[in-house]
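Contents: one structure, followed by commentary.
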């Protein structure tokens, strides 16, 4: 079956909707256009249109990504940074995005997450319990110095 083809106008409208639905990073939009079979010059034309018309804004994407992953998924800064880097977001925009996470709220969330997870760990061996709690918090991207201080405070 032949791949569906789009005119520049159709692809532009389609991507405006794609970006209006949810903030996107440049990498996602380029991938979407390539999957649609658009040639590189068309990709560049559409990307510049989306930026000019404010459908595509990497700083806005980074900020909403950081807020969402912190507030909803309870990710720490390390995981957020890694995920934004994976999406090829600039260092400047990553730093700007991290400012969306308020310091005291970060501590409160971390404390609550650690305590909640500790309640769920049924392990009786103190060392294994500490390791399970630390692994969970590190996987979620919380800074190691915070994790180890919290584990020693809560367990043992």
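Computed from the coordinates by the stated procedures, all read-outs in this text should not be read as laboratory data. Keep in mind that what you see is a predicted model, and the values were worked out from it rather than measured. Cβ coordinates were reconstructed from backbone atoms using ideal geometry, including for glycine residues, and neighbour counts include every protein chain displayed.
Go ahead and collect, in residue order, the members of region 46-70 whose backbone nitrogen is under 20 Å from a label point 7 Å along the Cα-Cβ direction of residue 34. Answer for region 46-70: 46-51, 56-58. A straight chain from residue 152 to residue 71 at 0.36 nm per residue would run longer than the Cα-Cα distance by 26.6 nm. Cα extents for region 8-52 along the principal axes, largest to smallest and rounded to whole angstrom: 24, 18, 16.
For the pair residue 86 and residue 115, what calculated FRET efficiency results from E = 1/(1 + (r/R0)^6), where r is the Cβ-Cβ distance and R0 = 30 Å, to the nearest 0.05?
The pair residue 115/residue 86 has a calculated efficiency of 0.50.
In terms of Cα atoms, the Rg and Dmax of the chain work out to 20.7, 65 Å. Computed from Cα atoms, the angle from the helix 40-52 axis to the main principal axis of the chain rounds to 70 degrees. Taking all Cα pairs closer than 8 Å and separated by 6 or more residues, the relative contact order of region 59-98 comes to 61 percent. In degrees from 0 to 90, rounded to the nearest 10, what is the angle of the helix 8-21 Cα long axis to the longest principal axis of the chain? Helix 8-21 sits at roughly 20 degrees to that axis. When shorter helices are ignored and each DSSP H run of at least 4 residues is given -39500 (n - 2.57), the per-residue value for the chain at 222 nm works out to -22500 deg cm²/dmol.
In this structure, residue 95 and residue 126 have a Cβ-Cβ separation that, at R0 = 41 Å, corresponds to a calculated FRET efficiency of about 0.60.
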